[in-house]
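Inspection log for the structure reproduced underneath, given as structure tokens.
The values are calculated or read from the model by the stated rules, or taken from the named source; none is laboratory data. Source: prediction; values computed, not measured. Every residue, glycine among them, receives a Cβ derived from its backbone with ideal geometry; neighbour counts consider all protein chains shown. Each accessible area value is taken on the protein alone, full model and side chains, heavy atoms only, with ligands, DNA and RNA left out. Shrake-Rupley method; radii C 1.70, N 1.55, O 1.52, S 1.80 Å.
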Amino acid sequence: MKIHYHCRHCDTEVGSLPFESAAEALALIKKMDAEEEEERFLAYKKDGTLSVRCICEQCEQILQQSPSYYTLKKWLQ
């Protein structure tokens with residue numbers, strides 16, 4: 001199983017973890033408190049991979065410069 005990290009704003013692939021590291025990462029992900037937060041950021045694919053929605057450095061910088069974008073559901077066109 002692999003874990004793929006994609007930016008939730010621009011959908012850029014941030015990175016991926018191979019099988020050996022996946023077990024450790026899953027243990028950390030399971031520590032998430034709210035199930036609704038888990039559903040927002042995690043997606044299990046049919047092929048057994050896990051997709052984690054995160055934020056890339058470029059989008060993070062843009063959000064720091066324009067905090068009002070946090071109120072928008074989708075701010076990239």
Sorted by average packing, counted as other Cβ atoms within 10 angstrom per residue and highest first, what order do 62-72, 2-12 take? 2-12, 62-72
At 1.4 Å probe size, what's the solvent-accessible area of Glu13? Round to the nearest 10 Å². 100 Å²
